[in-house]
Amino acid sequence: MSMHRSRTSAGARQDVPVKRASPVKAKAGLYSVVQRQFGRAANYLEMDPGIRAILGSTMNEIGVHFPVKMDDGRVEIFTGYRVQHNNALGPFKGGVRFHPSVDIDEVRALASWMTWKTSLVGVPFGGAKGGIKIDPAKYSENELERITRRFTFALGSNIGPEYDIPAPDVNTNARIMAWILDTYLSLMPSPERQASTHVVTGKPVETGGSLGRESATGRGVVFTIEEWALNNGLPLEDATCFIQGFGNVGSWAARLMKKRGARLLAVEDMFGAIRSSHGIDPDDLHEHVSRKGSILGFPGAEEIGHESFLRTKADIFIPAAMESQITAETAPLLQVKLVAEGANGPTDPDGDAVLQRRGIHLIPDILCNSGGVIVSYFEWLQNKRGEYWEEDEVNEKLQKRIVAAYRRVAHRASRRPWEPGGEARLDWRMAAYAVALSRLGTAYKERGIFP
């Protein structure tokens with residue numbers, strides 16, 4: 001296998017494999033997918049045309065181009081975005097990603113999903129998203145710090161602890177949130193700095209972050225899977241699963257599923273895919289990835305192609321990578337009982353239709369991966385109150401809130417036309433949308449629309 005030299009986010013160099021499994025690339029026009037999903041749910045709810053117009057568009061879209069000096073003295077121009085979709089229920093909230101695919105269409109889509117997600121799980125936030133079009137593997141740690149700080153400066157007052165609160169997303173982490181925090185506080189008047197630490201969530205614990213935040217999204221995925229398994233008579237100690245993506249969400253989901261007795265059969269990352277009929281130990285794989293930068297070369301597992309990976313026969317598939325991976329072309333390959341969407345938008349509408357036709361159950365993204373924003377809310381609260389919660393308390397509160405949301409969606413999906421307030425049975429994605437959009441619609445009806 002050929003190798004190339006690549007810099008990690010810490011600036012050190014390591015050998016990483018360049019062979020790829022050729023996963024399906026995200027389709028152009030991701031925002032059109034969101035609009036199709038939203039339109040279907042709005043039609044079902046017979047949403048007021050005015051409210052539909054508001055929720056069907058973004059409130060603010062910020063694009064910035066900024067220069068940064070590289071380690072060798074060159075100056076590069078970077079493009080960054082922050083899209084604020086809606087704040088009817090509270091301050092804008094959403095992650096910041098560093099990825100070569102970042103563009104305004106993608107960020108619009110992700111910001112919209114964030115609005116539905118926060119409404120669904122009942123946290124007092126709206127939806128936003130941001131990102132920089134960049135491959136972070138090509139830059140040293142010092143360069144990434146300067147890029148992050150310059151982006152924060154360019155955003156200026158478009159973020160704020162009571163206005164718009166960023167968080168980690170693809171290729172960003174607690175360290176990057178600390179750089180955003182420090183830059184933002186440096187721009188504030190001295191008396192206001194200590195009262196503004198909740199401008200970002202997902203920070204290191206030492207700088208005001210919450211215990212349990214790192215594992216929150218993956219833990220939430222597992223809590224929803226547990227609830228599904230209980231309702232469908234599948235003991236997790238006898239279950240099998242496979243996971244696409246072994247970053248923060250995928251690795252935590254795998255490790256927590258292991259604690260419940262489930263067996264991991266296959267994993268795919270951006271470099272390739274591996275499988276073992278005897279099972280892959282996710283803790284050992286996490287250590288391997290920490291050393292090697294990829295899942296490839298993991299002892300005891302064979303390398304397989306992308307199509308073979310998707311054909312893995314298991315109980316549960318957890319897509320925890322990028323968008324639009326389950327499509328009309330790839331959904332027929334799946335041999336599972338449940339798809340639990342750890343990523344945002346991994347299934348497009350055509351893929352949804354195939355899953356429904358084949359009777360494959362689905363826990364939709366705005367429910368399944370909402371653990372991150374739930375614990376972000378807990379972090380935000382702790383900062384505002386000057387409190388620190390123990391990790392067990394954070395995890396218990398997370399479980400209570402995400403299970404309550406799961407049950408609201410389950411109830412909406414199971415209604416029958418002859419029941420009081422009932423209607424035709426909905427698929428789970430539309431049931432989740434119905435719960436989220438109903439709450440937003442009620443908020444607008446109660447508040448009215450200025451002027």
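The values are calculated or read from the model by the stated rules, or taken from the named source; none is laboratory data. Treat the numbers as computed from the prediction; the structure is a model and nothing was measured. Virtual Cβ from ideal backbone geometry, glycine too; neighbours counted across all protein chains shown.
Is it fair to say A431 is in contact with an Asp or Glu (Cβ under 7 Å, 6 or more places away or on another chain), modelled with pLDDT of 95 or more and either over 30 Å from V199 (Cα atoms) or outside any helix (DSSP H, G or I) (or both)?
no
Residues that are modelled with pLDDT of 95 or more, of a type outside the set (F, W, Y), assigned to a loop (DSSP other than H, G, I, E, B) and in contact with a strand residue (DSSP E or B) (Cβ under 8 Å, 6 or more places away or on another chain) within the stretch 286-307 comprise S294, I295, L296, G297, A301, G305, listed in sequence order. When the stretch 103-112 is filtered for residues that are of a type outside the set (D, E) and either crowded, with 24+ Cβ neighbours inside 10 Å or closer than 12 Å to Q35 by Cα (or both), the ones remaining, listed by number, are V107, R108, A109, L110, A111, S112. For the stretch 311-337, a residue qualifies if it is in a strand (DSSP E or B) and out of contact with any Pro (no Cβ under 7 Å at 6 or more places or on another chain), and the qualifying residues are K313, I316, F317, I318, Q335. The set of residues in the stretch 214-228 that are more than 17 Å from D283 (Cβ to Cβ) and either surrounded by fewer than 17 Cβ atoms within 10 Å (Cβ to Cβ) or free of Cβ contacts under 8 Å to residues at least 40 places away in the same chain (or both) contains only E226. Summed over the stretch 340-355, residues that are in contact (Cβ under 8 Å) with a residue 24 or more places away in the chain, farther than 15 Å from A432 by Cα and not in a loop (DSSP other than H, G, I, E, B) total 4. A search for C-beta distances below 6 Å between a residue of the stretch 299-310 that is assigned by TED's automatic domain parsing to the domain that holds A266 and surrounded by 13 or more Cβ atoms within 10 Å (Cβ to Cβ) and any residue that is modelled with pLDDT of 95 or more and hydrophobic (A, V, I, L, M, F, W, C), counting only pairs 6+ apart in sequence or on different chains, returns A301/I274; A301/I280; E303/I274; I304/A273; F309/A266; F309/A273; L310/L333. Taking (1) in contact with a strand residue (DSSP E or B) (Cβ under 7 Å, 6 or more places away or on another chain); (2) surrounded by fewer than 24 Cβ atoms within 10 Å (Cβ to Cβ); (3) more than 20 Å from S370 (Cα to Cα) in turn, V267 satisfies each apart from (2).
If I ask for residues that are of a type in the set (S, T, Y), in a loop (DSSP other than H, G, I, E, B) and under 20 Å from D164 (Cβ atoms), which ones from the stretch 195-222 would you list? Give the derivation first.
Narrowing the stretch 195-222 to residues of a type in the set (S, T, Y): 196-197, 201, 207, 210, 215, 217.
Of the ones still in play, those that are also in a loop (DSSP other than H, G, I, E, B) are 196, 201, 210, 215.
S196, T201, S210 - these are the residues of the stretch 195-222 that are of a type in the set (S, T, Y), in a loop (DSSP other than H, G, I, E, B) and under 20 Å from D164 (Cβ atoms).
So which residues in the stretch 350-387 are of a type in the set (G, A, S) and more than 13 Å from L334 (Cβ to Cβ)? Outline the logic, then answer.
At the first step, the residues of the stretch 350-387 found to be of a type in the set (G, A, S) are 351, 353, 359, 370-372, 376, 386.
A353, S370, G371, G372, S376, G386 - these are the residues of the stretch 350-387 that are of a type in the set (G, A, S) and more than 13 Å from L334 (Cβ to Cβ).
For (1) modelled with pLDDT of 50 or more; (2) buried (at least 18 other Cβ atoms within 10 Å of the Cβ); (3) within 30 Å of I326 (Cβ to Cβ), each residue gets a yes or a no:
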{"residue": "S22", "(1), (2), (3)": "no, no, yes"}
{"residue": "A26", "(1), (2), (3)": "no, yes, yes"}
{"residue": "R36", "(1), (2), (3)": "yes, no, yes"}
{"residue": "G73", "(1), (2), (3)": "yes, no, no"}
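Give the number of residues within the stretch 223-235 that are within 30 Å of I165 (Cα to Cα) and either hydrophobic (A, V, I, L, M, F, W, C) or not in a helix (DSSP H, G or I) (or both). Going through the stretch 223-235 one residue at a time, the tally reaches 2.
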